[in-house]
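The values are calculated or read from the model by the stated rules, or taken from the named source; none is laboratory data. From a predicted model like this one, the values you see are computed outputs, not experimental measurements. Positions of Cβ are backbone-derived with ideal geometry, glycine not excepted, and every protein chain shown enters the neighbour counts. In case anyone asks, the SASA skips ligands and DNA or RNA and just uses the protein heavy atoms, side chains included. Shrake-Rupley method; radii C 1.70, N 1.55, O 1.52, S 1.80 Å.
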Amino acid sequence: MQTTIDKRALRARIRAERDRFFAHSPGPIAAPPALLALLEAGRIVTSYIPVGSEADPQHLAAAALAAGCRLALPHVTTREAPMRFLGWDGHSALVEGRYGLSQPPSDAPDVEPDIILTPLLAFDAKLDRLGQGAGYYDRAFATFPDAWRIGVAWSVQQVETLPTDAWDMPLHAVITECGWIPRP
């Protein structure tokens, strides 16, 4: 008998655990050697500016810039419109977007990512991911299936198992404050 997992309840529980952990967090997530090995000059790495208690990828983005990669950030306009990845130099001013996101202005150049650093609410040992529920990253993964999908999270966000849908694509790896977790 399969147990059904209530995604809404799971999201609320994980947000609360993440908030408690964040109050005593070690700061931005460090770049592990496995990520550094993927960073080649000219590659495009999408990062994000954390909202609330999301794990902070700023050291990962800095490592990408130091390796000669180009950065991009997500840009969201409406729930129906796909998320775009727009180029960002790591320093230019950002604008406030939907859901309180800090994002490049809409006239920044669209880019095709090689590596997508992804915020998430929960992940499991198979590296399935549970996001906020709007599907932006699910659609981005489908649009860029060859890009490395790397979750960035706190270790407390790992759960035993997650429900998946037909469109879900597992991550290639997750980076936490404890290090790199590759897909089994």
Residue identified as in contact with a Lys or Arg (Cβ under 7 Å, 6 or more places away or on another chain), free of Cβ contacts under 8 Å to residues at least 60 places away in the same chain and within 26 Å of Arg70 (Cβ to Cβ) among Gly100, Gly87: Gly87
In this structure, does Leu60 turn out to be surrounded by fewer than 19 Cβ atoms within 10 Å (Cβ to Cβ) and among the hydrophobic types (A, V, I, L, M, F, W, C)? no
Cβ-Cβ under 7 Å, sequence separation 6+ or interchain: first residue in segment 7-36 and crowded, with 16+ Cβ neighbours inside 10 Å, partner part of a helix (DSSP H, G or I) and among the polar types (S, T, N, Q). Which pairs? Ile14/Gln157; Arg18/Gln157; Pro28/Gln58
Report, by residue number, each residue of segment 84-97 that is of a type in the set (A, V, I, L, M, F, W, C) and open to solvent by 20 Å² or more (accessible area, probe 1.4 Å). Trp88, Ala93, Leu94, Val95
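So that you can scan it fast, the table gives a plain yes or no per residue for (1) under 16 Å from the mean Cα position of the chain (by Cα); (2) of a type in the set (Phe, Trp, Tyr); (3) under 24 Å from Ala37 (Cα atoms); (4) surrounded by fewer than 16 Cβ atoms within 10 Å (Cβ to Cβ):
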{"position": "Pro145", "(1), (2), (3), (4)": "yes, no, yes, yes"}
{"position": "Ser155", "(1), (2), (3), (4)": "yes, no, yes, yes"}
{"position": "Thr164", "(1), (2), (3), (4)": "no, no, no, yes"}
{"position": "Pro170", "(1), (2), (3), (4)": "yes, no, yes, no"}
{"position": "Ile175", "(1), (2), (3), (4)": "yes, no, yes, no"}
{"position": "Cys178", "(1), (2), (3), (4)": "no, no, yes, yes"}
{"position": "Ile181", "(1), (2), (3), (4)": "yes, no, yes, no"}
Of all residues in segment 64-83, count the ones that are open to solvent by 70 Å² or more (accessible area, probe 1.4 Å) and closer than 16 Å to Arg139 by Cβ. 4
Considering only segment 98-130, state which residues are small (Gly, Ala, Ser) and surrounded by fewer than 18 Cβ atoms within 10 Å (Cβ to Cβ). Gly100, Ser102, Ser106, Ala125
